[in-house]
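A short write-up of the structure that comes next.
The values are calculated or read from the model by the stated rules, or taken from the named source; none is laboratory data. In this text, all values refer to a predicted model and were calculated from it rather than measured experimentally. FYI the Cβ positions are ideal-geometry reconstructions off the backbone, even for glycines, and counts take in every protein chain you see. With ligands, DNA and RNA removed, areas are computed over all heavy atoms of the protein, side chains included. Shrake-Rupley method; radii C 1.70, N 1.55, O 1.52, S 1.80 Å.
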Amino acid sequence: MAKVPTVKLNDGSKIPQLGLGVWQVPDEQAAASVKEALAAGYRSVDTAAIYGNESGVGAGLRAAGVARKDLFVTTKLWNDRHGFDSAHEAMNESLEKLGLAYVDLYLIHWPVAGSEKFVDAWRAMIEMKEDGRARSIGVSNFTRANLERLIDATGVTPAVNQIELHPGFAQRELRAFHDKHGIATESWSPLAQGGVTKEKTIVDLARKHGKSPAQVTLRWHLQHGLIVIPKSVTPARIRENIDVFDFELSSAEMAAIDAIKEGARLGPDPEKFGK
């Protein structure tokens, strides 16, 4: 069973560097996927209110029989709950569905273009951290301007920013800002929705190392110090995605992946999404 390294967050908490993402996993399938992942050595699971599968995730966590202290559970606040009171209510709803007393990480899912109500939500989340319902708090899909607005308004820096990130969309400028402010970078869509299998550089390296293109790509994320949450409902793929700690990419191989031509986003643009 794989031993996953951890990343220390700016509040002192530690997050497993590789976890299971459950975006687009139906609630009725989530329990089995989570149980399978935990059996394979995963200890981190990333869900969200809008995914509609928090109940299934909670059932999978209970079925796996892993001690709560050994788990790291992330969920997220959706765009229509950015008010101070509504954020508190949304957190309580998520905890009830998950069957947990607290989550390890609570994220604002999107900043919502044209609005600054996320600042009110962030103030609520600061209270959630203080009262123990969230061990750590962060954001997802936030731009540099969004992050600066939060920090300037509250003095509290997010522990994590979860963003679209993969070879060909490496978000270097935003990662540099994160590094300057002690914000951990977490990659969603780390495999470019399967697009990495079409990249010759990655395919060639996979053949060289006797690994899959997905495994080589996950290794690239890990060696850059990124947190990564690949999604799968297939047991064999769930196990394959965590089988990435028995090889290493050289600096030249990392540079070759870094040099993949920059392309467009696959997901929504945070500066336009949510209006």
- Query: With all protein chains present and a 1.4 Å probe, how do S55, S13, S140 order by accessible area, largest first?
  - Reply: S55, S13, S140
- Query: Hey, what angle do you get for helix 54-64 against the long axis of the chain, alpha-carbon based, 0 to 90 degrees rounded to 10?
  - Reply: 60 degrees
- Item | Which listed pairs, of K69/K200; K3/K208; K129/K180; K117/K261; K76/K208; K69/K208, have C-alpha distances above 32 Å, in listed order | K69/K200; K117/K261; K76/K208; K69/K208
- Message: With an 8 Å Cα cut-off and a minimum separation of 6 or more residues, compute the relative contact order for the chain in percent.
- Response: 20 percent
- Task: For every other residue with a beta carbon closer than 14 angstrom to the beta carbon of Q162, add +1 if it is Lys or Arg and -1 if Asp or Glu, then tell me the sum.
- Result: -1
- Message: Among P190, N241, P26, whose Cα projects farthest towards the positive end of the dipole of the chain, with charges put on the beta-carbon of Lys, Arg (+1) and Asp, Glu (-1)?
- Response: N241
- List the residues whose amide H sits under 5 Å from the amide H of K231, counting only those 5 or more places along or on another chain, with H placed 1.01 Å from N in the peptide plane. G21
- So if R0 is 25 Å, what FRET efficiency would R62 and W23 give, r being the distance between their Cβ atoms, rounded to the nearest 0.05? 0.70
- Message: Treating only the Cβ of Lys, Arg, Asp and Glu as charged (+1, +1, -1, -1), what charge dipole size does region 189-234 show about its Cα centre? Round to the nearest 20 debye.
- Response: 100 debye
- Task: Taking the Cβ of G225 as the centre, find all other residues whose Cβ is under 10 Å away and add up their charges (Lys, Arg: +1; Asp, Glu: -1).
- Result: 0
- Query: Cβ under 15 Å from M91's Cβ, M91 left aside: what net charge do those residues give with Lys, Arg +1 and Asp, Glu -1?
  - Reply: -4
- Message: Over region 91-160, what is the relative contact order in percent, taking alpha-carbon pairs closer than 8 angstrom and at least six residues apart?
- Response: 33 percent
- Message: Connecting C-alpha atoms closer than 10 Å in a GNM of the chain, tell me which of K200, K117, K208 has the biggest fluctuation.
- Response: K208
- Average projected area of the Cα convex hull of region 1-143, in nm²? 8.2 nm²
- Any idea what the alpha-carbon Rg over 2.2 N^0.38 Å comes to for region 148-237? 1.25
- Query: Hey, what angle do you get for helix 118-131 against the long axis of the chain, alpha-carbon based, 0 to 90 degrees rounded to 10?
  - Reply: 90 degrees
- Item | Per residue value of the accessible surface for the chain (all protein chains in place, 1.4 Å probe), Å² | 43 Å²
- Task: When a/c is below 1.5 the answer is rounded, else prolate if a/b is larger than b/c, else oblate, so apply that to region 96-193 with a ≥ b ≥ c taken from the square roots of the Cα gyration tensor eigenvalues.
- Result: oblate
- Message: If you fit an axis through the alpha-carbon atoms of helix 200-209 and take the longest principal axis of the Cα set of the chain, what angle between them do you get, 0 to 90°, nearest 10?
- Response: 70 degrees
